[in-house]
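One structure is given here, and the rest of the page talks about it.
Nothing in this text is a laboratory measurement; each read-out follows from the coordinates by a stated rule. Owing to the predicted nature of the structure, the values given are computational and were not obtained by experimental measurement. In this analysis, Cβ positions are derived from the backbone assuming ideal geometry, glycine residues included, and neighbour counts consider all displayed protein chains.
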Amino acid sequence: MDKDILIQELFKRIDVLEKRLAIVEAENKELKKRLARYETPKNSNNSSIPRSKDENRPKRKSLRQKTGRKPGAHKGKKGKT
C-alpha cells in the first residue's frame, strides 16, 4: 500500500513540475524575443555613428596595381634646389 501512495505522489509531483516547466519555457521564449530587439549592434547604417567607428567594417583596398618600379625621378637627373 505504501508503494502505491508513494507512486501516486511522485506522479503528482511530476505533473506539477511539468506545468512549471511549461510556464518557465514560455517565459524564457518571451524574454529571448524581447532581448533580441536590443542585441542588434549599432553601426553607420542604423544610427548616427560614423563609418570609421563601425566594428568589423571591410577594409578598403587600393584599386591601383603595383608596377614594380621604384618611386622618384630617374637616376642622374639634377634637382632644382
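In this structure, R69 and S44 have a Cβ-Cβ separation that, at R0 = 35 Å, corresponds to a calculated FRET efficiency of about 0.40. Relative to the dominant Cα principal axis of the chain, helix 2-36 is inclined by about 30°.
Cross-link partners of K70 among lysines, defined as those whose alpha carbon lies under 21 angstrom from its own and excluding same-chain residues fewer than eight positions apart: K61, K78, K80. From the Kirkwood radius over Cα pairs of the range 11-81, Stokes-Einstein at 20 °C and 1.002 mPa s returns a whole-number translational diffusion coefficient of 110 µm²/s. A simple spin-label model places pseudo-atoms 7 Å from Cα toward Cβ; at I14 and D54 they are separated by 5.6 nm. When the chain is described by a simple charge dipole with +1 on each Lys and Arg Cβ and -1 on each Asp and Glu Cβ, the residue from L35, G68, L21 located farthest towards its positive end is G68.
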